[in-house]
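Novice: Take a look at the following structure, please.
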Amino acid sequence: MKYEHLYVVIEHEGGKPIPVSLEMLGEARRLMDGYNSKYGASELVVAVVLGNNVRKLCDQLVHYGADAVIYADSPELEYSRNAVDTPVLFQIATNRDLVLKFAPKSTGFVKPRYMFFAADNIGRQLSSTVVGYLDSGLASDINKLAISDLEIKHEHKTKGQAMVYERTLEMYRPDFSGFLWTTILCLDNRNPAIAKEFHPQACSIIPGVFAPIERDATRKGVIVDYAPTFDPESLKVKILSRKIVKSSVDFDSKKAVVSFGRGIKGSPEENIRMVAELAKELDAEVGVSLPISKKPFPVSENVSSTYMTPDRVVGTSGRKVTPLLYIAAGISGTMHHLAGMKESGFVLAINPDEDAPIKGECDMFVKGRMEDVVPALIEELRRLRPALEAKR
Amino acid sequence: MMPDLYVAVIIKLEPDFSEGNVSYNADGTLNRAETKSILGPHSAIACQAAFLAKVKYGARVAVGTMGPPNADIALAQAQQVCDADELHLYSDRAFAGADTWATAETLRAGIAKMEGSSSGRSMDIVFSGHRASDGETGQTGPQTAVKLGSTFLGNVIDYDVDMQRRVVRAFRLITLQGFYDVVEEVEAPLPVFIAIDPTYKASFNTVSQRLAFEKYQKQAMGKAATVKQQIKVFNAQQLGTDPKLVGLPGSPTIVYRVEKIPKAKASRMAQVVDGSDRRQLAQVAAKIHEVLGGMVIK
Amino acid sequence: MTERYDVAIVGGGSAGLAALKRLADLGKQAVLIEAGRQAGTKNVSGGILYSKKPKNGRTYNVEDVYSNFLSEAPYERKITKYILHAVSKDKDFAIDLTAAHEYQANFGYSVLLSRLNSWFAGQAGEAAERQGGGIVSGVHVRSVSWNDGGRAVIESDELEHFEVKAVIAADGVNSEIAEMTGARPKFAPEQLYQGVKVVVKMPEEIVEERFGIGTGEGAAHLFAGDVTLGHIGGGFLYTNRDTLSVGAVYHYDSLLDKPAAPGALVNALLENPLVSEFVRDEVAVKEEIDRNLPKEEQLRTKFAVSKLVKTWNDLRDAYHSPSARRKLIEGGKFKSEDEIKSRIEYVKGELVSKYSTKFVTDYVELEYSTKLVPDGKRGAMRKPYHKNVLFVGDAAGRGIFIGPRIEGLNVGIDDAVRAADSIAKAIDRNDFSSMGESYSQQVEASPYTRDMHEIDKDYLKVFLDAAKAVPKDIVGQRYGMIFRLMSSSTLRGLAVGLANMLGYDKLLPLVESEETYVQVPIEIAERLGKAVTTSYKPTIPTLAQRVAKLKYDDDRQSHIKVTKPEAEFMKKMVTLCPTNCYLLEDGKVVLQHEACIECGTCAKETEWRHPRGEKGVAIQYG
């Protein structure tokens, strides 16, 4: 067939794939297993990696679900440059010889059937340009996927007739209000007047919504290297410098945020340590209320420089966060702070004062002092862990 | 004096989400009919970036938008921000329903009609916002860059132009998930397409630049009353677009279905738990695990 | 390449802007540097702007600087009534002081500084641009130094440094230029007043009806007595076009003696029956949304009610304003005034029936603010210059406080013109060596300066005539003799001459005392006053609510440093800071600067700076 396989564009940093890359592979694996079973096919999950010295990454990708890995290794690909990466990815996506190396039966290959990118800074832009080069359609910020045969009746695409589009990728994206799911489809134009095929059906995937598969070191895959041809014009785009701005306080890709405020003052150092412990237990990011960033209590240099920083502030003068779970420990809940976290999924407050404003903006209010509640809560969470591992 | 630099901004008319102005339907969806439309906030920042080019390099600024006839509001507001010299509205039924790829085609054709694209030139710099506040795909910018054949630079937080070498130097803010944030300094020969990062702040660091800024701002205000006459409206025929490449026919993607997401956000009713009761804490822990089992919806 | 300009004016208040306009009109190039996002966002005034015609000498008035002031400026109302109230509990004794207000005055207009200064900036900026200068906002001047050529070098947080031949320091009562050049020490508490005010909303024609004034006319009411909570100073209420400025000004040292929160001081005024009756209006109170409803329904209701209440308010305000009414009809939205009225009733009906919204009597606060004001009698710089830096207005400590007479805006403008003229001359001669001294003499010659040093006996007479109804015995032992002297026209001249010889400063403690401002008025009110009945109790916002309404652009780094956390003065700041920025923790005073409104109350014993460019509070009304 002309359009086969699911290509996943991998992002990596410091020699490791970033989390969303493995999440994409996980979802790709699940989808293609279902697809192959349903359609009696043997299409593959193909990971695509650009970079410098990336061969060592490739095995891990197979262990996380890829059937094949195409990698392009070059100093010119050390850091992502949209102008350089886009044509290379286009070459890879349209190269049949490569495909034959891992899928010898794909003699009719023209382009991938499906394509995944990460919905982060680099991926969102790369997906737009690459899919543009491929003259196909893209849905961004997806958090749910399914493959099915759909009956479509569309004024332009089907000239009003009902037609069945098989093996269509349903791409779900939450809209700006947070209330609605919009399902996007990339469909061929079957109306003879505007006939055109649109493949790959592509999307960029929100980090943190899918889970990787369990790592399986016994999985086998074909690893193919590709020598890219660079357009000399694109190489005129030069990276002059790269500065790491700060150790990233990563609110966006974490499901939970645990913030602390001036309630730590009973014993600041100890309380902060406990909060960090709780955050670790929940794989949460640590946030602070605004006064904390001004370092109002004496603590060790390490704790101060790690936690009492402006980039951890949640609120109107800091970050707006929307995690599934927000825990506010020892935070009274000024309007500034509430504005920064009130769109969180589930809000839990820990505070001895029932009159604290945070009570009006939380779903569960645990009345008590931080130093008493947090350690106890950690214990309870740990007690539940074995049962939950079993469920996964 | 002939300008040495031509820049364009592509903007979008969007709903005004501020309280008192926005209206929602019973099912929580946006009531567009009752909600005012304004120049989208990211588009406005892109206009500020273009304005910097005018103040610092004497660039000619053109602003274009694809939209319905009332998108002239967005152009009028854009005019105030960047003292635009050219205002374009690309409006035609044929453009309706376009996804980002089809929109990019219309914009490409529109930009080709701007002064900076005449006599075989390519528009030196095209600016766009990071994303629209309603559609939020962030795709239109990069795809328009592909259509134009311009180098795409996204998440730009600062830039300057070397007028001798005809090269843009941009600073980009790249967030690497789970790692650190990086500020990348990149250089690219013109023509480039710059998608401005939401944190971009145009900075003018000398008294003379600040005074020039004021001068152009005042100029823009002076044109405000007659701005609508300044707008050139183009339909599909005038742009010369291929009907198969724009609007619905030119869109690879369609919206298939819209449905309610199970969870919604609003003010809350707190359940009070006694923090000294171990059993209740166990229930809290269970609730936490339950919550974290769900999906992230942003 | 260091940029060079002729003049830098630091501070875009009314004085700085007047200087800019004047210099431009004299054909000189000047650049005005303002720290706020735009001129006006850092200004607060009571306030009334006066134009004077003194019998001896002349003042440079606002209409001398802006010839189109009377026809185009967005002043509020022309004050035609000026009434002093002695109040105690619900008793009020009114003394008509309109004659004192009109004494040697062309006019006094109530103003809201944010929009007025914005207009000044438009006028001055345009004129300055034609001379190659202009206004640069969002820049905070960090230092002024001098290079070998004698030019002043201006450094700021935001711009590359530049050089100028002369500087006008118009950066207000907390002038950093005064401090960094050493031109004068920070003002001491006895040289200052703390003013606090709220802007209250009131539809235009309701203002006129309530205060018995015609279109464009205004009333000023002053208050002395128990509302002062025992402090030296008084309250004021000025009518603006569709708002009221309600506030109080007190001796700062009196506040240090008996610390009272500025919020409490303005609240005491608002709770006074007379004042609460003045400020009342009809207010929509949103009903609590039923939490049992599905969450989407709650949100939808919230937005629907918000929109309807906004519509009701907007239409009502428009209905009560002749110009807005006309616009609605001309614009085709409504065919007649009656149609507007019925729409308002309809919306109100919808709110009541569908959403159980209540409509009650209450008042609406729009903005809360505070500012320090220098008392020219005690704190005016004798020589308001330092090298080639000339100080004007509040930066030079030149506020006028004489009994009920409070003036600052007009003084700043007068200083600004004199400074601009001195600089222009120096530029023409290309000789700046005597510029400062020449300016200083100019200022000395101003009638305003005279008022800071001497009693004007004719003003005194006007004041006494107005107070004729007050029985002499109330005035008490202390002034008995003086009063008798002053009341006699023959002896008055002598007495005043004597007083002026003895020295203003010796008389001041006599006159500016608790007795004068608190006890005497209370007694007058209780003996002679009429009882005021009030129809409601005003719902006064909490400090948190007041602060939440203010607009800030938080500067991550704090602009104030607490250098003496255990000092007595700092402990009083916990009470005296109008936005509660200070807390006492374990005997030490700690600062949280985010709500700071930059009034300067704590400036004396801290390292106090204005926030960086565009940062900090942005005043909406002023």
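The values are calculated or read from the model by the stated rules, or taken from the named source; none is laboratory data. Values in this document were obtained by computation on a predicted structure and should not be read as measured data. Glycine gets a Cβ as well: all are built from the backbone with ideal geometry, and neighbour counts include every protein chain shown.
Novice: For segment A:288-303, how many residues meet the condition of being buried (at least 17 other Cβ atoms within 10 Å of the Cβ), more than 10 Å from chain C (Cβ to nearest Cβ) and closer than 21 Å to residue C:554 by Cβ?
Specialist: Total meeting the criteria: 3.
Novice: Looking at (1) more than 9 Å from chain B (Cβ to nearest Cβ); (2) surrounded by fewer than 21 Cβ atoms within 10 Å (Cβ to Cβ); (3) touching a residue at least 12 places away in the same chain (Cβ under 8 Å), which one does residue A:205 not meet, given that it meets all the others?
Specialist: (2)
Novice: Could you check segment A:326-371 and list, in sequence order, the residues that are more than 7 Å from chain B (Cβ to nearest Cβ) and basic (Lys, Arg)?
Specialist: A:342, A:369
Novice: Filter segment A:33-50 down to the residues that are within 17 Å of residue A:103 (Cα to Cα) and outside any helix (DSSP H, G or I) and list them by number.
Specialist: A:40, A:41, A:42, A:43, A:44, A:45, A:46, A:47, A:48 - these are the residues of segment A:33-50 that are within 17 Å of residue A:103 (Cα to Cα) and outside any helix (DSSP H, G or I).
Novice: Being touching a Leu at 6+ places or on another chain (Cβ under 7 Å) and within 14 Å of another protein chain (Cβ to nearest Cβ) is the filter here; which residues of segment C:18-60 pass it?
Specialist: Residues of segment C:18-60 that are touching a Leu at 6+ places or on another chain (Cβ under 7 Å), as a first pass: C:20, C:30, C:32, C:39-40, C:43-45, C:47, C:49.
Listed by number, the residues that qualify are C:20, C:30, C:32, C:39.
Novice: Separate question: Hey, residue C:91 hits all of (1) assigned by TED's automatic domain parsing to the domain that holds residue C:404; (2) crowded, with 17+ Cβ neighbours inside 10 Å but one; which does it fall short on?
Specialist: (1)
Novice: Would you kindly identify the strands (runs of 3 or more DSSP E) lying entirely within segment B:74-179 that contain at least 1 residues that are touching a Pro at 6+ places or on another chain (Cβ under 8 Å) and within 10 Å of chain A (Cβ to nearest Cβ)? It would help to see each step written out before you state the result.
Specialist: Working: elements: B:86-90, B:125-128, B:151-162, B:167-175.
Correct list: B:151-162, B:167-175.
Novice: Continuing with this model, one more query. Going by the conditions given, is residue B:50 surrounded by 23 or more Cβ atoms within 10 Å (Cβ to Cβ), under 26 Å from residue B:216 (Cα atoms) and touching a residue at least 40 places away in the same chain (Cβ under 8 Å)?
Specialist: For residue B:50, the condition - surrounded by 23 or more Cβ atoms within 10 Å (Cβ to Cβ), under 26 Å from residue B:216 (Cα atoms) and touching a residue at least 40 places away in the same chain (Cβ under 8 Å) - is met.
Novice: Are any residues in segment A:106-123 at the interface with chain B (Cβ under 8 Å from one of its Cβ atoms) and farther than 14 Å from residue A:89 by Cβ, and if so, which ones?
Specialist: Of everything in segment A:106-123, those that are at the interface with chain B (Cβ under 8 Å from one of its Cβ atoms) and farther than 14 Å from residue A:89 by Cβ turn out to be A:120, A:121.
Novice: Out of the residues in segment A:143-201 meeting the condition of being in contact with a helix residue (DSSP H, G or I) (Cβ under 9 Å, 6 or more places away or on another chain) and basic (Lys, Arg), tell me which one is farthest from the other protein chains (Cβ to nearest Cβ).
Specialist: A:167
Novice: Going through A:182, A:129 one at a time, which residue ends up being touching a Pro at 6+ places or on another chain (Cβ under 7 Å) and assigned by TED's automatic domain parsing to the domain that holds residue A:112?
Specialist: The match here is A:129.
Novice: Continuing with this model, one more query. Here is a list: C:300, C:291. Which entry is free of Cβ contacts under 8 Å to residues at least 40 places away in the same chain and touching a strand residue (DSSP E or B) at 6+ places or on another chain (Cβ under 9 Å)?
Specialist: C:300
Novice: Right, another one. So which helices (runs of 4 or more DSSP H) stay within segment B:203-291 end to end and still have 3 or more residues that are out of contact with any His (no Cβ under 6 Å at 6 or more places or on another chain) and modelled with pLDDT of 90 or more?
Specialist: Per the criteria, B:207-223, B:236-239.
Novice: Need at least 3 residues that are closer than 22 Å to residue C:244 by Cβ per element, so show me which helices (runs of 4 or more DSSP H) inside segment C:18-130 make the cut, counting only ones lying wholly within it.
Specialist: In segment C:18-130, the matching helices (runs of 4 or more DSSP H) lie at C:98-102, C:113-129.
Novice: Right, here's the next one. Against the condition under 23 Å from residue C:465 (Cα atoms) and surrounded by 20 or more Cβ atoms within 10 Å (Cβ to Cβ), how does residue C:49 come out, does it pass? Even if it seems obvious, please write down each step before you answer.
Specialist: Details: under 23 Å from residue C:465 (Cα atoms): no; surrounded by 20 or more Cβ atoms within 10 Å (Cβ to Cβ): yes.
For residue C:49, the condition - under 23 Å from residue C:465 (Cα atoms) and surrounded by 20 or more Cβ atoms within 10 Å (Cβ to Cβ) - is not met.
Novice: Only residues that are more than 11 Å from chain B (Cβ to nearest Cβ), under 26 Å from residue A:24 (Cβ atoms) and at pLDDT below 85: list them for segment A:238-268, please.
Specialist: Once the filter is applied, which keeps residues that are more than 11 Å from chain B (Cβ to nearest Cβ), under 26 Å from residue A:24 (Cβ atoms) and at pLDDT below 85, segment A:238-268 yields nothing.
Novice: Show me the helices (runs of 4 or more DSSP H) entirely contained within segment C:169-260 in which 2 or more residues are modelled with pLDDT of 95 or more and assigned by TED's automatic domain parsing to the domain that holds residue C:413.
Specialist: Ranges flagged: C:176-181.
Novice: Also, quick follow-up: Would you confirm whether any residue within segment C:318-328 is basic (Lys, Arg), more than 30 Å from residue C:289 (Cβ to Cβ) and in a loop (DSSP other than H, G, I, E, B)?
Specialist: no
Yes/no matrix, rows are residues, columns are (1) over 25 Å from residue C:109 (Cα atoms); (2) surrounded by fewer than 18 Cβ atoms within 10 Å (Cβ to Cβ):
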{"site": "C:401", "(1), (2)": "no, no"}
{"site": "C:423", "(1), (2)": "yes, no"}
{"site": "C:429", "(1), (2)": "yes, yes"}
{"site": "C:444", "(1), (2)": "yes, yes"}
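Novice: Report yes if residue B:288 is within 7 Å of chain A (Cβ to nearest Cβ) and free of Cβ contacts under 8 Å to residues at least 60 places away in the same chain, otherwise no.
Specialist: So residue B:288 fits the description; yes.
Novice: Does at least one position in segment C:336-350 carry a residue that is under 36 Å from the mean Cα position of the chain (by Cα) and assigned to a loop (DSSP other than H, G, I, E, B)?
Specialist: Scanning segment C:336-350, I find no residue that is under 36 Å from the mean Cα position of the chain (by Cα) and assigned to a loop (DSSP other than H, G, I, E, B), so the answer is no.
Novice: Counting just the residues of segment C:575-617 that are touching a residue at least 24 places away in the same chain (Cβ under 8 Å), acidic (Asp, Glu) and more than 17 Å from residue C:256 (Cβ to Cβ), which one comes out nearest to the other protein chains (Cβ to nearest Cβ)?
Specialist: Initial filter on segment C:575-617 (touching a residue at least 24 places away in the same chain (Cβ under 8 Å)): C:575-580, C:589-591, C:593-617.
Next, only the ones that are acidic (Asp, Glu) stay: C:594, C:598, C:605, C:607, C:614.
With more than 17 Å from residue C:256 (Cβ to Cβ) added as a condition, the list becomes C:594, C:598, C:607, C:614.
Working: C:594: 7, C:598: 17, C:607: 16, C:614: 10 Å.
Across segment C:575-617, the extreme among qualifying residues is C:594.
Novice: Turning to a different aspect of this structure: Could you grab me the full set of residues in segment B:204-227 that are in contact with a Leu (Cβ under 8 Å, 6 or more places away or on another chain) and in contact (Cβ under 8 Å) with a residue 60 or more places away in the chain? Before you say what the answer is, go through the steps one by one.
Specialist: Filtering segment B:204-227 for residues in contact with a Leu (Cβ under 8 Å, 6 or more places away or on another chain) gives B:204-207, B:210, B:227.
B:204, B:227 - these are the residues of segment B:204-227 that are in contact with a Leu (Cβ under 8 Å, 6 or more places away or on another chain) and in contact (Cβ under 8 Å) with a residue 60 or more places away in the chain.
Novice: Only residues in segment C:535-554 that are over 17 Å from residue C:246 (Cα atoms) count as the first member; pair them with residues that are surrounded by fewer than 13 Cβ atoms within 10 Å (Cβ to Cβ), Cβ under 8 angstrom, at least 6 apart or cross-chain, and list the lot.
Specialist: As it stands, the answer is C:536/C:360, since those pairs meet every condition given.
Novice: Further question on the same structure: Could you tell me how many of the residues in segment C:507-541 are loosely packed, with under 14 Cβ neighbours inside 10 Å and either among the hydrophobic types (A, V, I, L, M, F, W, C) or under 30 Å from residue C:455 (Cα atoms) (or both)?
Specialist: Residues flagged as loosely packed, with under 14 Cβ neighbours inside 10 Å and either among the hydrophobic types (A, V, I, L, M, F, W, C) or under 30 Å from residue C:455 (Cα atoms) (or both) within segment C:507-541 amount to 3.
Novice: Quick check on my filter: what residues within segment A:140-169 are in contact (Cβ under 8 Å) with a residue 24 or more places away in the chain and of a type in the set (Lys, Arg)?
Specialist: Matches in segment A:140-169: A:144, A:157, A:159, A:167.
Novice: Continuing with this model, one more query. Taking into account only those residues within segment A:89-103 that are in a helix (DSSP H, G or I) and surrounded by fewer than 20 Cβ atoms within 10 Å (Cβ to Cβ), which is farthest from the other protein chains (Cβ to nearest Cβ)? It would help to see each step written out before you state the result.
Specialist: Residues of segment A:89-103 that are in a helix (DSSP H, G or I), as a first pass: A:89-93, A:96-102.
Adding the requirement that they be surrounded by fewer than 20 Cβ atoms within 10 Å (Cβ to Cβ) leaves A:90-91, A:96-97, A:100-102.
On the way: A:90: 10, A:91: 15, A:96: 22, A:97: 25, A:100: 27, A:101: 28, A:102: 27 Å.
Filtering first and then ranking leaves A:101.
Novice: Please verify whether segment A:208-223 includes one or more residues that are of a type in the set (Ser, Thr, Tyr), within 13 Å of chain B (Cβ to nearest Cβ) and within 29 Å of the chain's Cα centre (by Cα).
Specialist: From segment A:208-223, those of a type in the set (Ser, Thr, Tyr) are A:218; that's our starting set.
If we keep only those that are within 13 Å of chain B (Cβ to nearest Cβ) too, we end up with none.
No, segment A:208-223 contains no residue that is of a type in the set (Ser, Thr, Tyr), within 13 Å of chain B (Cβ to nearest Cβ) and within 29 Å of the chain's Cα centre (by Cα).
Novice: In addition: Any residue at all in segment B:188-200 that's facing chain A (nearest Cβ under 7 Å) and over 18 Å from the mean Cα position of the chain (by Cα)?
Specialist: yes
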